[in-house]
Amino acid sequence: MELVNTHCHCVYSGHGAGSVAEYADAAAAAGLSTLAFTEHFPLSRVFDPDAYLSMTEENVGRYLAEIEAARTAHPQIEFIVGTEMDYLGDLEDRAIDEAALAPFRFRLLSVHFIDGWAFDDPAQRDRWEEPGAPDAIWRRYGELWCTAASDASLPYDAMSHPDLAKKFGYYPSFALAPFYEAMAEAARAGGRMVEVNTSGGYYACAEMFPAPALLSAFCRAGVPCTVGCDSHDPANVARDIERAYRLMYEAGYRSVTVPTATGDRRSITIE
């Protein structure tokens, strides 16, 4: 069965490792048929003062050129020029026009910030320990996620790591089933794709994103699903892809939706 990874980060994000070329070589060695490079779209200095969270504008041209070189070096692999964008809600301070987005044929959208706070940053996790914090954080995360997912006017294709709020292993006191149904309906309404993100198994939550019950809700709602490793090192370019396929199958999916280099989609059957 084909192995695809539609989410990875290299050295062009301050918290990533490995060059585009090293990723391409690792993908070839692992037998991947598709690899989407999804470097973090540039944030302003307000949100990323140390250029640690996102790619700088100065490196965008180099990033694009190196992906083209990877295609020449490994013609058997479909490399997709993508990006991961941050949903900032009312705090958005960038003027993002179509010209800036045009090079990116696959666009992930992530909720990493809650009202300006990077809730999944280990250096800022103390707020999770405050009394009643998990309930409040999960509720606000859900509001932002559903707003982003349901807005079909926003220029992106897929929602990444849908239940990222569980990263540190903090959960709300309320039942998550209605929460999951709301997320699934939001993704359906916005015509979005979601991903099974294999990186969750290596955080405190010890579970891929999304949780099996949330993935089942997406499946029932008819939301297409792809697979991304969220690799931040070439060594993890193919980590747990087949496990992700099994998780999708158990949730009711019978195919994986795969973006293409031209901006279209195709599917592969889960065997």
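A few notes on this one:
- All positions within the stretch 139-155 that are under 20 Å from ALA182 (Cα atoms) and either in contact with an Asp or Glu (Cβ under 9 Å, 6 or more places away or on another chain) or crowded, with 20+ Cβ neighbours inside 10 Å (or both): ARG140, TYR141, GLY142, LEU144, TRP145, CYS146, ALA148, ALA149, SER150
- Identity of the residue in the stretch 32-56, of a type in the set (Gly, Ala, Ser) and either touching a residue at least 60 places away in the same chain (Cβ under 8 Å) or in a loop (DSSP other than H, G, I, E, B) (or both), that ends up farthest from HIS9 (Cα to Cα): SER44
- Among the residues of the stretch 225-242, those identified as surrounded by fewer than 24 Cβ atoms within 10 Å (Cβ to Cβ), in contact with a Cys (Cβ under 8 Å, 6 or more places away or on another chain) and either at pLDDT below 95 or of a type in the set (A, V, I, L, M) (or both) are ALA238, ILE241.
- Test: residue in the stretch 22-32 that is within 20 Å of the chain's Cα centre (by Cα), at pLDDT 95 or above, farther than 30 Å from PRO224 by Cβ and surrounded by 19 or more Cβ atoms within 10 Å (Cβ to Cβ): no
- The number of residues in the stretch 197-210 being among the hydrophobic types (A, V, I, L, M, F, W, C) and crowded, with 20+ Cβ neighbours inside 10 Å comes to 2.
- Qualifying residue in the stretch 130-138 (condition: within 28 Å of VAL258 (Cβ to Cβ), surrounded by 12 or more Cβ atoms within 10 Å (Cβ to Cβ) and out of contact with any helix residue (DSSP H, G or I) (no Cβ under 7 Å at 6 or more places or on another chain)): no
- Any pair with Cβ under 8 angstrom, 6 or more apart, that starts in the stretch 209-227 at a residue that is in contact (Cβ under 8 Å) with a residue 40 or more places away in the chain and ends at one that is β-branched (Val, Ile, Thr) and assigned to a helix (DSSP H, G or I): VAL227/THR198; VAL227/ILE241
- Verdict on PHE113 being crowded, with 20+ Cβ neighbours inside 10 Å, within 15 Å of the chain's Cα centre (by Cα) and within 25 Å of ALA204 (Cβ to Cβ): yes
- Per-region count, the stretch 35-71, residues loosely packed, with under 13 Cβ neighbours inside 10 Å and in contact with a strand residue (DSSP E or B) (Cβ under 7 Å, 6 or more places away or on another chain): 0
- Members of the stretch 1-21 that are closer than 19 Å to MET248 by Cβ and hydroxyl-bearing (Ser, Thr, Tyr): THR6
- Selection within the stretch 187-196 - surrounded by fewer than 22 Cβ atoms within 10 Å (Cβ to Cβ) and either among the basic types (Lys, Arg) or under 16 Å from CYS225 (Cβ atoms) (or both): ARG188, GLY190, GLY191
- Inside the stretch 156-170, residues that are without any contact (Cβ under 8 Å) to a residue 60 or more places away in the chain and surrounded by 15 or more Cβ atoms within 10 Å (Cβ to Cβ) make up a count of 9.
- Residues (hydrophobic (A, V, I, L, M, F, W, C), modelled with pLDDT of 95 or more and assigned to a helix (DSSP H, G or I)) located in the stretch 123-158: TRP128, ALA133, ALA136, ILE137, TRP138, LEU144, TRP145, CYS146, ALA148, ALA149
The values are calculated or read from the model by the stated rules, or taken from the named source; none is laboratory data. Owing to the predicted nature of the structure, the values given are computational and were not obtained by experimental measurement. Positions of Cβ are backbone-derived with ideal geometry, glycine not excepted, and every protein chain shown enters the neighbour counts.
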